[in-house]
Structure formats: structure tokens, C-alpha cells
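Values in this text are rule-based calculations from the coordinates and carry no lab data. The shown structure was predicted, so the numbers you read here are calculated from the model rather than taken from an experiment. Note that each Cβ is placed from the backbone with ideal geometry, even for glycine, and that neighbours are counted across all protein chains shown.
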Amino acid sequence: MKKFDYLKPQSLEEVLSLLNQFGTKAKLIGGGTDAIVMQRQNKISPDLFISLRGIPGLDHIEGNGLLKIGAMVTHRAIEQSPLIRERFPLLSEASGLLGSVQIRNVATLGGNLCTASPSAETAPPLLVYEAEVHLISQKGERRIPLESFFLGPGETALEQKEVLKEILLQPPPPNSRGAYLKLGRRKAMDLAVVNVAVLLTLNPKTGICERARIALGAVAPTPIRVREAENIIEGNQLNDELIRKAGEMAKHTCSPISDIRASSEYRREMVGVLVEKAIRQSLT
Amino acid sequence: MTEFINVGKRIPKSDAQEKVTGKAIYIQDLKIPGMLWGKILYSHHPHARILNIDTSEAEKLPGVKAVLTGYNIPTIKFGFYKDNTPLKSNKVCSYRDEVAAVAAIDPDIAEEAINLIKVEYELLPPVFDPEEAMKEGAPLIHEDHLGGKEKKPTNILNIPWKLVAGDVEEGRKNSDYVAENRFKVTWVTHCCMGTSGCIAQFDPRDNLTIYSNTQIPSLAQRDFTEALSAMGLQGKKVRLIKATIGGAFGSKLDTYPYEYIAILLAHRTRKPVKIIFSREEEFFATSPRQAAIIDIAQGCKKDGTLTFRDVRMVLDNGAYTSWGATTPSVMMMPISSLYKVPHVRYVAKCVYTNNTYSQAFRGYGNPQATFAIESQIDSLAEMAGIDPLDFRLRNANTPGEVTPQRFKVGTCGLRECIDAVAQRLDWRQNRGKRDGRGVGMASLIHVGGGARVYKSDGCGTIIKVDDFGTVNVITGATDMGQGADTVIAQIVAEELGVRIQDVVVTHTDTDICPWDVGAHASRTTFVAGNSAKMAAKKVKEQLLEVASRSLGEVPENLEIRDRMVFSKIDPEKKSPLGKVLRAAHYTTGGKMVMAEYFYDPPNENLDKEFKGNLSVTYAYGTHGVEVEVDKTTGQVNILKYIAAHDVGRAVNPMLLEGQVYGGAAMGIGYALMEQLVLNNGKVINPDFRDYKILTASDIPTIEAITIETDDPFGPFGAKGIGEPGLVPTAPAIANAIYDAIGVRIKDLPITPEKILAALKGKDSK
């Protein structure tokens, strides 16, 4: 492992100024469950890690309407937050499936998103909730949809001197229900072979699906929304045929690769299976 | 059966507190003043000629004390086939080939130095498929390796494994049904919690002390003594001291390049040198269970009576040879002797490839062979239209039988095991529904009373008793986490009539402990246990002798119980054991009580035809599984797991169940998810992220059923149980999957992808 320095600034301003000063030589570190592993494997090799730990204003879960989650909030905190469990249950569920309790105690939501793994545990739920990310640099602040934050495996829209400050969640329309499904090889401590989130808004009177959000992980260079599949069910009364079609569409829209965890064929097949299953679960 | 005071009791492991509080000292924890850190540079190619190694930059790095390559060390050949060397010169034959090594004042500098070594290679064509490697004109792994009648260069090892008993052609002719299949098994690795490591240290007179976590202290001592001779240090001594071993499972049944490298670095620098494997090294630079291709045919009569078993195997040996190449000697056991089969043939070839070289792994070949045999038994039963349960009962081994390999079956609880599993699974009710849920079973035979694979199968014990009644047991046995210390203490306490806390077991130092062939073949409770029991018997005779003098009673009338010596005839005549001991010690011509015993079981080496009574007694067992298969994802969920074992007698039911749980968990991993993935010779999953072992959440509730047959040869009736727990697991699961969804997976691991593909194939037919 390449040797590195470790700085623990006290404020966000200090972080931004350090980023300005060290540029590409520095890398931000949250819980470190990805960064240190990558450093050990020589996949990254910064001279300096700038820690975000303990910085005020990054570890909050708050808001009545719009929910704000600080980038340094751990998966354990999300998993155990009654607020999130009640209002954004899919995120709560996904957070509780990441790694082990020990890892969830340190791994942060911001870290999970900035690592930008195609199989990122929290990404599909956040995508169906149409989350936005709040980014900040010395030049200013901006809010962009999470969907445009992911650019490729390990690549995000975050600029070099920019920090992910918080994740913003608008409450979904009333009568929304969803499901998060993760397919792994074992029951814990596993990366998703495929993960799927579905969020449906159903008209309680007509039963028509007024709004559908479907997101997939581990089957494309980034976590993705599959609008083609959403469009099939939106505005319709759901039946077996439509659900099957949506699954089929999702299957054909994704672009999985073969790796040690699964073949692309299997992943594609599983997208169909899981999307169908998640839609059905959302209806019950 | 007789009830005992210490034997048969659920006594926690003697080192449990140390382990759970982090106080046990593993090789990782050991430090010696002045110690240097060794690090190894491995090959960058699976097969290449070494043109040049430039170590100049590494040597210049401050803190580096020595840089070794195959070109500046003496020639040391080691391994079962003497084809391995500590550092490779001329060429590399696999990615794990050691090319250079460094000793430095800290591990970071050692690592930095390794990265400064430049090696020039000329690539050679590799071969990774053993069947390809057997062909004429295949790249030769070792050009000077000659074989066959014409003594031509070949990749096929000169170890002609061949067992023939009866006439399989005759058996085939007499069969009403014959099943023929090809099964494949792949590499899996031991995943010991403690990674490999050692510290080598020379004294000023060139005697070596090596701190190690070996399973074979006596044989390793011998290997290292040979190495010293090759280094020009004839007649020098080797002392081997074991740290607490963090799991072994067969991985530490041999000596490895890193140990010789530590010795060479220590000798070169005149300082102690420590080498500890990283987890990644543990995955790619230690030896897994081998991959094998198994062609098997079995036949039966209409009534299900087995007629013959004919097995051919090709084993991927990898580039060098460890004991893995001798696993066919154990594969022969289930092939010849699991169920009654009159005609048997087994032929196996071990073939050099540019893959990692293989080693022993819990079961020593038995799980691979049993996977093929027991999967196919179900197919054969189906062909004959017989319930696999009835099929097994019809052919089950029985006490008194002599098997085609000339094993003399003594106690045998196989039927009881099969019955217990059937009953717990509600077999008749649950079998044959094909509704996504299914049940399956598979059985095993294994050595249970030692295994004479070496010239001696013995183990020595020395016992001394101090003035206060503390009993020091100095054993050749190795505790590698299985609980040997505890079981030996129970046996000695039982025999002597003392409390278990009075017994202290020492097993860590070859300068102190007697010889033992090693912690393998599930032999420690049986062999070291018998040895300890016999030594304790001698000690007891001495104790009663000295007590008879002070109590005025003949020894035959005396008994020791709970630290007291008393007369069986006159209860008034009694004395605390310590008092008796002190009286014997502090008198003119005083006596200390101590004794030794070397127990070598009355078993036989296999003869030239690979026949003979390898073990004094045999262990049997049956595992039964109920699974649920998700036909949409191919995922298998284990609903019920029953493991019934004929254990002779459970000396410590808690530790015994621990062995069964651990074995079954490893076996489930072998069946469903574990696989060391080699891509053109390179291990591409050297971590626990992608080498999937079961987590606690994945391990189903395992119900261990103990069948006690009270073996007349075992210590208090016990047989071995170390390995059996994982032998029948994979076929039991494969059979349950077949029962659930009607597809048979014949290559391990049984992944969801394979199940789904098989289901699709079935649908399209």
C-alpha cells in the first residue's frame, strides 16, 4: 500500500480550502470502507486523505417535507432512523443490507454514492425516490439529480474540488408503495449480483398506476432508471401481462457485463425476474 | 455403555477463554528481538523462462538486509515428489512461483524492496487443462520429468494409482442397470482464520529454531533437517515450536517454499526472520483442494444390489507436487468400500499444469470421490425404480465385512445413520414431489482408527505427576483448534481418576514432545487418545504401587477417584493423591511418578495393489438435507440439515458437534458457493468478497446425531470425527436439488446459474 498523509479538518470551509490547495493529490475519505481497500489494492494512490469525519453539518437526518441526509450519515444510522423507515422504507431496507453491522457502522451514504459502484446498495432506492445531491465547492453550491451524478463505474459528476454535502429526498406522492430486492450469492456480506427498486403510485379508486419508478443496479456502467419499463405500466391498470412486459423491457434495456459474480446472461435474466417480483410485491 | 466421569461430558475447550478474549498467541503475534521481516516476489506469468533478475535497486534500499533469488541459494528440493524449490531459477511454472525474497527491518521496506526487483521473462506456452496437458506435444511443465515405459518427457506424474478388485467387466455384464457420468470438482481453499507464517532463527552454532503453525511437527522437523543438510549444515538440529494454530484443515500438512525462504533469509542475515502471509497470499500462494475430472460407472441388479463400480480420474496437480497427489489413496476408500460392491476398479492420473499446486483438504480426496459416487447412486436408484433410501439400506456396509480393498469393518453404524436421517427428514412423506422442495441424502466411510499412510502411524505421550497431583501430559498430538488438548485431558483424567483441571497438556515443542505423524486422517482422538490412555494406565500403576505402601493395601484393591486414593475393600484406608505422591517423593530412594507410551495402531500400509486394512476401524455417517429451490433465480435454500455420524463414542459431545457443524458448513460451501477461480492460471478472487464462504446467516441449523457403536479399539470406544462432517455434504445437497426440481448438477459448486441453465435445458427437451 502506498503511504499517505491523513488530515482531519474541523469545518467544511477548511475541507474546501485543503481541496483547493492539494488538488489531485488529495482524496476525500468518509468511513473509509471503500477508500482504504482501494488504496491497499493500488486502485487509488493519493498522497493525502482528507477526512470528513466529525465535521459539523454532514451527519444530519432532518426535514419535514424535503428530507436532508448529510453525506457522512452512516448506513447503520439510516437503517435505524424511524423517520427514514417510515417515509423512505426502500432506502432503510437497502442500507440494512449493505455489508455487515460493523461496516454499516462506519460506511457513509455519501461514500457509497461517491464510490459510484454500479452495484451501490443505496442507489436504486434513491433513484426511484428521485433523490438530488447537494454539492459544494469554493466556487459555490449546486443541486443535481442523483441520476446525473453517476457517470460511469467509479465516476461521478463531482468535480475535483467539490464535496458532496447532502442527499435530498422529496416525499413521494401519496399512495406510493415499493419494493427493494437484492440478489446476492449469500445472505449477508455480499455485493449485489442484481439489485432492483420499484416505486409505484396507485390511484386508490381506480387502481391505475399513475406513476412508476424502476431502478436497477449492477447491470450497467452506473445504477440506472429504466423509463422504458416505467412507461409500460404508467397510466395502466396492472395485470400479469403488463408486469411481464415491464420485466422484459427492463431486461432488454440494461447492459450487464460478465464478471466473477455472474454472467451477463444471468444478470439480464434476473433483471426480468426481479423487476416482475418487485412490481408484484409493491402491489401487495 | 459404561458411564464415565470425564469422558462423554460437554467440557469447553481448554483454550476457549484465551481465544475469545484475544489472548491466545498466534504466529502473527510472535516477535523475537532483532527480528527481520521477509517478503516474497511471485511470478508475473504462468509459464516463462527467467532471463534475468536485477536485484540491485532492492539491495540499495536502506533497511534491506538480504535479497535472495534462485541463483544465490543452495539447491534445496522438497515436497512429496521432490519437484519444488524455495526460489525458482531457470523458469517459472505458475503464478505462485517464488522468484525472489527480501529480508528487511520492517514489512513496509520489505514490500518496497520486492517492488524494486526487476525480472525479465521469456514467455512459454502454458497449459491449464489437465486433459490437454496429457496430450502429445503439450507444453511441458518440467522438461526433465520423464515417465511412461519409454521414459519420455511427460506431464503425467509417475504415480500409477490403480486399484482393481474383482472383475468390473464381469460386474457390468451382470448388471440390469448401469449409470455412467462425468463429474467435475474444482479448487476450493481452506480459508483458515489465521494466515500462514513462520519465524526462523539460527543459534550461533547453526542450529535452527522455527516457530510455525504446522500440523505435522515431526515430519516438518525432518523436512527442515534435510534442508539444513542441503545448505551444508549437516548434523545441525531443528527445533520446531508451534504457536496457537488458527485453523489448518490440511493446509499445514506439508512444508512450503515460504518456510524454506525464511530459513534461508535467517541464515543469510544471522537474524530471526518472520514471514506472514497477507490474506491475498493465503488465497493464491497456498495449496487448495484439487480440481478433478471424474468418470464413473456403477451398476446394479433389478433389486438394487450393486454389481460394480468403475472410476477413472484426472487430477489437476498444478505445477508442483504436494500431498494432494496422494489423495487418490483415500479416494480409493469410498470407491472400494462405501456400500457393498463386489467388483471395483479405480485408475487416477495426476497431471502437471501451470495452475496452482494442490494439497490435502479435510477429507483428503474423499469429498470429491463421494460427490460422484453418491450423486450417481441416486441416478442408479432412479433407473432401477427404487427409493434411494431403500437402495442405500440394501447395500449398506455391515459389521464384520471385509471390503474389496481388504478393509476389515469392525463396528459400523451406517444403517443406523441412514435410518436416523430418513426419520428426521420424514423421508417417505417428503420425497419425490418435484415441487421445488426436495430431500436428499448421502453417506460416507472414512478412516476412524488412524491411517497408516506413513511408515509409522504412531504418537508418543509422556506423563509426569507432581507433588500436588498436577498431571502434565506431553503429547505428540497437534491442537489446531479442533480441541485435541481438551479431549486428551479428558481421557487422561478419566483413566487416572483426577479432575480435568488437574491435567495440563503440552504439545508445542519438538524438543520436548514425542514423535507423532501429524494431525491428519481424523486420527488424533483415536491415536493420540489411545497413546495418552496407555501412558496414563502406566502412571496409574505407579500411583497405586506407591499408594499401596503408604496405605498398606495391595494395588489391586486400590482405586483413584476425584483426587483420592482409597481401598475398595476397606473404605477407612484412603489418602489424598497429593499426600501419597509427596510420601513417595520425600523418602529415602524417593520416586517421582512418570511414564511414557508410544502407541502405533495395529493397522496396515496399503500393499502394492493398494489393498490392506488401512485403519483399525472406520467411521460412517449419513447427511440428509431438505432444500427449496427458487426456479426463477436458481437459488437454493437449505431448510433442514441432518448429520448423523457413527463416532464410536463421543468423548466430548460438544466438541464433536463442533466438528460436525464446521464440517457441514464447509461442505455446504463446497456444494453451493466456494470456488477458487483461476483464469489462465491466475487466482482472480483472492479475497472474501469474491471467494464466497458461508456467513453465519447462511449456515442452516445443523442437527448433529451421534450414533455410538463403542469401538473396542478406540479410547473409551471413540473413532475419528475430524473430517467426516464434510464428506457427504455436496452429494446430499445435489440429491436434494434433484428431488426438488429434477435437474442434476454434476460439477461443483452448484451455482444458481448452473441450476437455471439446467432447468432451461430440461424445459427445451
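Can you tell me, using C-alpha contacts under 8 Å and at least 6 residues apart, the relative contact order of chain B as a whole percent? Walk me through the numbers before you get to the answer.
Working: 1949 pairs, mean separation 119.3, N = 765.
It rounds to 16 percent for chain B.
Under the classification rounded if a/c is under 1.5, otherwise prolate if a/b is larger than b/c and oblate if not, where does chain B fall, given a ≥ b ≥ c as square roots of the Cα gyration tensor eigenvalues?
Details: a/c = 1.84, a/b = 1.07, b/c = 1.72.
It comes out oblate by the Cα gyration axes.
Between B:669, B:443, B:715, whose Cα lies farthest towards the positive end of the dipole of chain B when Lys and Arg beta carbons carry +1 and Asp and Glu beta carbons carry -1, centred on the Cα centre?
B:715
Which trypsin sites (Lys or Arg not before Pro) does region B:104-179 hold that lie in a coil by DSSP with at most 11 other beta carbons within 10 Å? Spell out each step's value before the answer.
Numbers: sites: B:118, B:135, B:149, B:151, B:162, B:172, B:173; in loops: B:135, B:149, B:151.
For trypsin sites (Lys or Arg not before Pro) across region B:104-179 that sit outside H, G, I, E and B with at most 11 neighbouring Cβ atoms in 10 Å, the list reads B:135, B:149, B:151.
Report the GluC sites (Glu not before Pro) located in region B:557-659 that are in a DSSP loop and have at most 10 other Cβ atoms inside 10 Å of their Cβ, or state none.
Values: sites: B:559, B:572, B:596, B:604, B:609, B:626, B:628, B:657; in loops: B:572, B:604, B:609.
Passing both the DSSP loop test and the Cβ count: B:572.
By its C-alpha gyration tensor, with a ≥ b ≥ c as the square roots of the eigenvalues, how is the protein assembly as shown shaped: rounded for a/c under 1.5, else prolate for a/b larger than b/c, else oblate? Could the numbers behind the result be given before it?
On the way: a/c = 1.62, a/b = 1.38, b/c = 1.17.
Because a/c hits 1.5 or more and a/b exceeds b/c, the protein assembly as shown counts as prolate.
Any idea what angle helix A:240-253 forms with the longest principal axis of chain A, computed on alpha-carbon atoms, 0 to 90 degrees, nearest 10?
With both axes taken from Cα atoms, the answer is about 40 degrees.
Give the aspartates and glutamates reachable from residue B:236 as a straight Cα distance under 15 Å; neighbours fewer than 8 places away on the same chain don't count.
In chain and number order, the partners are B:203, B:206, B:223, B:226, B:511.
Dipole magnitude of the protein assembly as shown about its Cα centre, charges +1 at Lys/Arg Cβ and -1 at Asp/Glu Cβ only, in debye to the nearest 20?
Working: 126 positive and 124 negative charges, 36 e Å.
The calculation lands at about 180 debye.
In what sequence do B:654, B:534, B:666 fall when counting other Cβ within 10 Å, fewest first?
Numbers: B:654 14, B:534 19, B:666 24.
Result, fewest neighbours first: B:654, B:534, B:666.
For chain A, what does -39500 (n - 2.57) per DSSP helix run (n ≥ 4), summed and divided by total residues, give at 222 nm, in deg cm²/dmol to the nearest 500? Walk me through the numbers before you get to the answer.
Numbers: 12 runs with 100 residues, N = 284.
Helix contribution divided over all residues of chain A: -9500 deg cm²/dmol.
Within 14 Å, Cβ to Cβ, of residue A:133, how many net charges do the neighbouring residues add up to if Lys/Arg are +1 and Asp/Glu are -1? Working shown, then result.
Working: positive: A:68, A:142, A:143, A:165; negative: A:130, A:132, A:141, A:147, A:159, A:162, A:166.
Counting the neighbours of residue A:133, the net charge comes to -3.
Among the aspartates and glutamates, select those whose C-alpha is under 15 Å from the C-alpha of residue B:340, and discard any that sit fewer than 8 residues away in the same chain.
Hits, sequence-local ones excluded: B:167, B:303, B:310, B:374, B:390, B:401.
Hand me the tally of lysine pairs in region B:72-162: alpha carbons under 23 angstrom apart, and the pair either on different chains or 8 or more positions apart.
21
What's the local net charge at residue B:527, with K and R +1, D and E -1, over the other residues with C-beta under 10 Å away? Could the numbers behind the result be given before it?
Numbers: positive: B:523; negative: B:457, B:516, B:600.
In short, -2.
Distance between Cα centroids, region A:153-170 to region B:359-430: provide it in whole Å.
59
Lys and Arg at +1, Asp and Glu at -1: add these up for the other residues within a Cβ distance under 14 Å of residue B:404 and post the number.
On the way: positive: B:162, B:309, B:340, B:345, B:406, B:408, B:611; negative: B:167, B:170, B:310, B:401, B:607, B:609.
Counting the neighbours of residue B:404, the net charge comes to +1.
Kindly express, to the nearest 10 degrees and within the range 0 to 90, the angle between helix A:264-283's C-alpha long axis and the longest C-alpha principal axis of chain A.
Approximately 70 degrees, to the nearest ten.
Among A:26, A:37, A:49, which residue has its Cα positioned farthest towards the positive end of the charge dipole of region A:5-51, with +1 placed on the Cβ of Lys and Arg, -1 on the Cβ of Asp and Glu, and the dipole taken about the Cα centre?
A:37
Taking the alpha-carbon distance from residue B:433 and a cut-off under 22 Å, which lysines remain once sequence neighbours fewer than 8 residues away in the same chain are dropped?
Candidates past the 8-residue exclusion: B:631, B:640, B:746, B:754, B:760, B:762, B:765.
About the Cα centre of chain B, how large is the charge dipole given +1 on each Lys and Arg Cβ and -1 on each Asp and Glu Cβ? Please answer in debye to the nearest 20. Provide the component values of the computation, followed by the final result.
On the way: 90 positive and 93 negative charges, 111 e Å.
The calculated dipole for chain B is roughly 540 debye.
Taking neighbour Cβ counts within 10 Å as the exposure measure, how do B:265, A:158, A:48, B:51 sort from fewest upward?
B:51, A:48, A:158, B:265
Kindly identify region A:5-51 as rounded, prolate or oblate by the Cα gyration tensor criterion: order the square roots of the eigenvalues as a ≥ b ≥ c, call it rounded if a/c is under 1.5, otherwise compare a/b with b/c, prolate if a/b is larger, else oblate.
oblate
Can you give the % of DSSP beta bridges in region B:149-281 that are antiparallel, to the nearest 5? Before the final figure, lay out each step's value.
Working: 9 of 14 bridges.
Percent antiparallel among DSSP bridges in region B:149-281 is about 65.
Working out 0.36 nm times the residue gap between residue B:193 and residue B:56, then minus their Cα-Cα distance, what length gain in nm do you get to one decimal? Working shown, then result.
Numbers: separation 137, 0.36 × 137 = 49.32 nm, distance 3.66 nm.
So the chain would gain 45.7 nm between residue B:193 and residue B:56.
So for B:357, A:6, fewest C-beta neighbours within 10 Å to most, what's the order?
Values: B:357 27, A:6 10.
Arranged by neighbour count, lowest to highest, B:357, A:6 become A:6, B:357.
For region A:61-169, what is the charge dipole size about the Cα centre, in debye to the nearest 20, if Lys and Arg each add +1 at the Cβ and Asp and Glu each add -1 at the Cβ? Don't skip to the end; give the middle numbers.
Numbers: 10 positive and 13 negative charges, 49 e Å.
The dipole magnitude comes to about 240 debye.
Would you be so kind as to identify which of B:158, B:115, B:142 lies farthest towards the positive end of the dipole of region B:115-167, taking Lys and Arg as +1 and Asp and Glu as -1 on Cβ and the Cα centre as origin?
Checked the options; the winner is B:158.
Sum up the lysine pairs in region A:176-283 that clear both bars: alpha-carbon distance under 25 Å and a spacing of 8 or more or different chains.
Lysine pair count for region A:176-283: 9.
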